[in-house]
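Working notes, beginning with the structure itself.
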Amino acid sequence: RDIGVTGVQTCALPIYNAAFETGHAVGSGTIAAVFGSQFSATGPAYAGSLPLPTTLANVQVLVNGTPAPLFYVDANQADIQLLFGLTAGQAVIQVARNGQGGNQISANVDSIAPRLFALTQLPASSDTSPFGIVINASDGTLALPSNLGGLSPGAAHPAHIGDVITIYALGLGPVSPSVTTGSGAPATPPLANTVNTVTINFGGGFLGNSTAVPSYAGLAPNYVGLYQINVTIPPGTPIGNVPVTIQMPGHASNFVEMAIAAASM
């Protein structure tokens, strides 16, 4: 029986980060999806509690020989949290069912690999760039054009200069205080702040740009492997559909777009 992940004859697909982008390093402690064939024999299974289990529907995903926490498994996919503290370089990934291991593949791991979530199911902006999951902190709506197709009425509106927004991300690396792999992040102080500096860039090119240091960048409270950035949109930020990126020491994220309007009166 061929049980495996990317590289198996029946399904040669790679490991993705949870933003479903391939071709990039995956961050230590991040959420990732492994694809292949003949994983679970019993249908889809979801983790029901925290800390996440390392066996689900008799399936394990081994990262350098250590079982990784599992969010979800089915016949062709396993969603995992990569272990915190992985050494940068090539990690060996193997799926096992009922103790029987499949083929091994390697994945490029880095201590920091920032990625922003793109809403690829929604129409892109006029320059074909994807919009991202950026939240208006005041009311929990998406910071997107209010008339964007595919959204329910009232689900989105542009953020204003001076507003606080929340950006969700992956791969921002180690945190302090540290959090055990598979466990939810603390919801009360001290929160799990990123060890490395995070800077948010708004705009670029002919639009002009601004930068901001977030009031919080770290693991999202109660969540596993998901990062949250709270930041105030600074004066001088371009308005319209504006690209947003994360900068960390030696690393830059992909960019997504958000809608920004002039400061409210």
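The values are calculated or read from the model by the stated rules, or taken from the named source; none is laboratory data. Computed from a predicted model, the values in this text were never measured in an experiment. With ideal geometry, Cβ positions are generated from the backbone for all residues, glycine too; neighbour counts draw on all protein chains shown. Accessible surface areas use protein heavy atoms only, side chains included; no ligands, DNA or RNA. Shrake-Rupley method; radii C 1.70, N 1.55, O 1.52, S 1.80 Å.
What to note about this one:
- Index of the failed condition, PHE71 passing every other in (1) closer than 22 Å to GLN228 by Cβ; (2) modelled with pLDDT of 90 or more; (3) not in a strand (DSSP E or B): (3)
- Region 87-124, residues that are under 24 Å from ALA75 (Cβ atoms), part of a strand (DSSP E or B) and open to solvent by 30 Å² or more (accessible area, probe 1.4 Å): VAL92, GLN94, GLN100, GLY101, ASN103, GLN104, SER106
- Condition met for GLN228 (under 21 Å from LEU83 (Cα atoms), of a type in the set (S, T, N, Q) and part of a strand (DSSP E or B)): yes
- Only one entry in ALA187, ALA261, ALA192, ALA220 is modelled with pLDDT of 95 or more, open to solvent by less than 20 Å² (accessible area, probe 1.4 Å) and out of contact with any Ser or Thr (no Cβ under 8 Å at 6 or more places or on another chain), namely ALA220.
- Taking every residue in region 236-257 that is more than 15 Å from GLY205 (Cβ to Cβ) and pairing it with any residue that is of a type in the set (D, E, K, R), at least 6 positions away or on another chain, the pairs with Cβ-Cβ distances below 8 Å are HIS251/ASP110; SER253/ARG115; ASN254/GLU21; ASN254/ARG115.
- When restricted to residues that are within 27 Å of SER183 (Cα to Cα) and among the polar types (S, T, N, Q), region 215-253 contains 6.
- Just one of the listed residues (THR55, THR42, THR66, THR87) is closer than 21 Å to LEU170 by Cβ and more than 20 Å from the chain's Cα centre (by Cα), and it is THR66.
- Screening ILE80 on (1) closer than 30 Å to PRO243 by Cα; (2) among the β-branched types (Val, Ile, Thr); (3) open to solvent by 40 Å² or more (accessible area, probe 1.4 Å) shows it passes everything except condition (3).
- Yes/no for VAL5 being β-branched (Val, Ile, Thr), modelled with pLDDT under 90 and buried (at least 19 other Cβ atoms within 10 Å of the Cβ): yes
- Total residues in region 75-86, condition assigned to a strand (DSSP E or B) and small (Gly, Ala, Ser): 1
- Residue selected from region 154-175 under the condition surrounded by fewer than 21 Cβ atoms within 10 Å (Cβ to Cβ) and under 19 Å from the mean Cα position of the chain (by Cα), by the criterion farthest from LEU219 (Cα to Cα): THR166
- Filter result for THR10 (of a type in the set (S, T, N, Q), closer than 20 Å to GLY171 by Cα and at pLDDT below 90): no
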